Amino acid sequence: MKRLHRFFQTPEAIAGALILALLVAIALAAPLLFPGDPQAIAGPALLPPLQNWSLPLGTDRLGRDVLAELFHGARTSLAVGLAAAAAALLVGAVVGTLAGFAGGLIDEVLMRITDAFQTVPSFLLALAFVSIVGPSLGVVIAAIALGAWTGPARVARAEVLSIRERDYVAGARVIGMHPLEIAFREVLPNALPPVLALSSVIVAAAILTEAALSFLGLGDPNRVTWGGMIAEGRTVLRTAPLLSIVPGIALVLTVLGVYLAGEGVVESTAVRRSLS
Amino acid sequence: MTVLAVSNLSKRYRRGGKPFAAVDDVSFEIGPAETLAVAGPSGSGKSTIARLVLRLLEPDAGRIQFEGADLLILSGAALRARRARLQMVFQDPLAAFNPRSTVARALDDPLRIHGIASRSERPRRIAALLERVGLDAGLAARAIHEISGGQRQRVAIARAIATRPSLIVLDEAVSALDVSVRGQILDLLLDLQRQERIAYLFISHDLGVIRALAHRIVLLEAGRVAESGDARTVIASPQSAVGKALVAATPRLNRIKTP
Ligand SMILES: Nc1ncnc2c1ncn2[C@@H]1O[C@H](COP(=O)(O)OP(=O)(O)OP(=O)(O)O)[C@@H](O)[C@H]1O
Ligand SMILES: [Mg+2]
């Protein structure tokens, strides 16, 4: 409760939380407000916004309802962003914990693998992965996570290196606890806070990567995505610029919201730490 | 029969590139239900010996015989199983527990790991352990940080005796406690030793506490044994320079009653 109070003290955090709340509401409401297939033709092609109240944002080049696409696109963006970030954090935390706790050869091997992944730009990695395996929601999520787990792995490892010297870890060994149980039950949960602090940046980056993949036509073809909408609108950029601008604004606002809210969380926990 | 026999134990570290011995050719024995004190100035290697005996550190040389068997050849599951008989209590009871732990979980772990009691039986065992160390069984549900330092050290002792060990290593186990609590914990340790015939390797720099608890003493200086023998004899008339310095540095020694 106190923490929540502190979170809402900075205007940035409030703005971020509001944007995120709106976004989640939109994503949840999408199938209720627009129950049909958002990719189905809903009216004449290239209908401008605010002309027909059943199609408030008009239609795109193929006559699809832009507002419906926008709402359903929010679902994809959020789902992919959150799932990819969760996967990256999970893999990163596990790899970092194993490396830091085991030390020696295991540490050496795992960190060299992490280095290798880190030297390849994460977008190229995602691009290559989707091109090879083929675009679908799961593949896109995996592709994005593939380039995002190294940061959490490094942070987790650094934290584990300091935690493993604590008395309670020695105490766990003294009572005969198995090393894997010590690593994942005693050490990992205590190493999580700084790892989770990365999540807002990772979610924001994941949403952008997903949009970029879709823009290049490598998103799941069965789902509406903002990146795909921008790419679609590009062909009629002169005559109907809003078709690209509207999903672009949605994307910017989402990333901003995630980032601001994440900073707010980090800030409020940092204040809490410095107080205690 | 001896519980623990340590011979020619050595552990070297590197300091500024050149090796130095934190523990250098140390030998001692501990019999059943006996308390051996290890004393010495800060940095003399006391904690290093504790960690070596518990196999938390690997020695560079020497032998450790525990309950008649070579402890140093054990590894993996065999070592973990052996740990039931060889326990430790740390100096800072707050640092010695997972900060997320509860009292119940701290005591449940050794019972579960060594298969001492079935899941349904364990709450009763935990309550009995808490009562054995003079705590209310209702404390089980509390988080580790929600109990006092003295209570926490009692929980640490309960955890150490949960697996019925023959030896407990106590590294400055009462140093962080204030004087009245310290006396109670020492009484508890003496009582446990009488009842359960547990041997203690008792590390401390407090000669007053050592005289109240220990049968024999080993004095360390820079990793080497400077002097050893009957605890009261050594404290009454130390022969080594370290011994004399330690006695001189303990003014309240003469005011402490021996039990
Ligand atoms: N991991 C390590 N690396 C290098 N040197 C170490 C390490 N651990 C301990 N030492 C050194 O070994 C020596 C013995 O340390 P140890 O902790 O055993 O001393 P101690 O007798 O327990 O001291 P205190 O009474 O202060 O607890 C010290 O000089 C210490 O600096
Ligand atoms: Mg020490």
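The values are calculated or read from the model by the stated rules, or taken from the named source; none is laboratory data. It should be emphasised that the depicted structure is a prediction, and the values quoted were computed from it without experimental measurement. All Cβ positions, glycine included, derive from the backbone under ideal geometry; neighbour counts span all protein chains shown.
Considering only residues in the stretch B:49-70 that are within 13 Å of chain A (Cβ to nearest Cβ) and among the aliphatic types (A, V, I, L, M), the one that is nearest to B:ALA162 (Cα to Cα) turns out to be B:LEU54.
Provide a single number: the residues in the stretch B:164-195 that are within 17 Å of B:LEU207 (Cβ to Cβ), touching a residue at least 60 places away in the same chain (Cβ under 8 Å), part of a loop (DSSP other than H, G, I, E, B) and not acidic (Asp, Glu). Count: 2.
Of all the numbered requirements in (1) basic (Lys, Arg); (2) over 21 Å from B:VAL181 (Cβ atoms); (3) surrounded by 17 or more Cβ atoms within 10 Å (Cβ to Cβ), B:ARG197 misses one, and that requirement is (3). Can we say B:SER204 is among the small types (Gly, Ala, Ser) and within 14 Å of ligand 1 (Cβ to nearest atom)? Yes, satisfied.
Restricting attention to the stretch B:208-224, report how many residues are of a type in the set (A, V, I, L, M) and either in contact with a Gly (Cβ under 6 Å, 6 or more places away or on another chain) or away from ligand 1 (no atom under 16 Å from the Cβ) (or both). Reasoning before the result, please.
Of all residues in the stretch B:208-224, those of a type in the set (A, V, I, L, M) come to B:209-210, B:212-214, B:217-220, B:222.
Now narrow it down to the ones that are either in contact with a Gly (Cβ under 6 Å, 6 or more places away or on another chain) or away from ligand 1 (no atom under 16 Å from the Cβ) (or both): B:212-214, B:219-220.
Residues flagged as of a type in the set (A, V, I, L, M) and either in contact with a Gly (Cβ under 6 Å, 6 or more places away or on another chain) or away from ligand 1 (no atom under 16 Å from the Cβ) (or both) within the stretch B:208-224 amount to 5.
Out of all the residues in the stretch B:91-104, is one or more within 25 Å of B:ARG124 (Cβ to Cβ) and within 16 Å of ligand 2 (Cβ to nearest atom)? Yes, because at least one residue in the stretch B:91-104 is within 25 Å of B:ARG124 (Cβ to Cβ) and within 16 Å of ligand 2 (Cβ to nearest atom). Within the bounds of the stretch A:99-107, is there any residue that is under 13 Å from the mean Cα position of the chain (by Cα), surrounded by 21 or more Cβ atoms within 10 Å (Cβ to Cβ) and modelled with pLDDT of 95 or more? No; the residues of the stretch A:99-107 include none that is under 13 Å from the mean Cα position of the chain (by Cα), surrounded by 21 or more Cβ atoms within 10 Å (Cβ to Cβ) and modelled with pLDDT of 95 or more.
Restricting to helices (runs of 4 or more DSSP H) lying wholly in the stretch A:162-246: which have 3 or more residues that are within 19 Å of A:GLN39 (Cα to Cα), more than 14 Å from chain B (Cβ to nearest Cβ) and in contact (Cβ under 8 Å) with a residue 12 or more places away in the chain?
Values: elements: A:167-174, A:188-196, A:199-215, A:226-234.
It comes to A:199-215, A:226-234.
Of all residue pairs spaced 6 or more apart or on separate chains, those with beta-carbon atoms under 8 Å, a first member in the stretch B:20-48 that is within 14 Å of another protein chain (Cβ to nearest Cβ) and a second member that is away from ligand 2 (no atom under 11 Å from the Cβ) and outside any loop (DSSP other than H, G, I, E, B) are B:THR48/B:LYS11; B:THR48/B:VAL23.
For every residue, the table says whether it meets (1) touching a Gly at 6+ places or on another chain (Cβ under 9 Å); (2) within 14 Å of chain A (Cβ to nearest Cβ).
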site	(1), (2)
B:ALA162	no, yes
B:ALA176	yes, yes
B:LEU188	yes, no
B:ASP206	no, no
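Taken together, the criteria place B:ILE157 among residues that are under 30 Å from B:ALA39 (Cβ atoms) and of a type in the set (Val, Ile, Thr).
Within the stretch B:82-100, not a single residue is surrounded by fewer than 19 Cβ atoms within 10 Å (Cβ to Cβ), more than 9 Å from chain A (Cβ to nearest Cβ), free of Cβ contacts under 8 Å to residues at least 40 places away in the same chain and of a type outside the set (A, V, I, L, M, F, W, C).
Please verify whether the stretch A:67-89 includes one or more residues that are assigned to a loop (DSSP other than H, G, I, E, B) and not polar (S, T, N, Q). Let's see the steps before the verdict.
At the first step, the residues of the stretch A:67-89 found to be assigned to a loop (DSSP other than H, G, I, E, B) are none.
Checked the stretch A:67-89: no residue is assigned to a loop (DSSP other than H, G, I, E, B) and not polar (S, T, N, Q).
Could you list, in sequence order, the residues of the stretch B:79-93 that are among the hydrophobic types (A, V, I, L, M, F, W, C) and within 16 Å of ligand 1 (Cβ to nearest atom)? So that I can check it myself, show each step before the final result.
Quick first cut of the stretch B:79-93, residues among the hydrophobic types (A, V, I, L, M, F, W, C) only: B:79, B:81, B:84, B:86, B:88-90.
B:MET88, B:VAL89, B:PHE90 - these are the residues of the stretch B:79-93 that are among the hydrophobic types (A, V, I, L, M, F, W, C) and within 16 Å of ligand 1 (Cβ to nearest atom).
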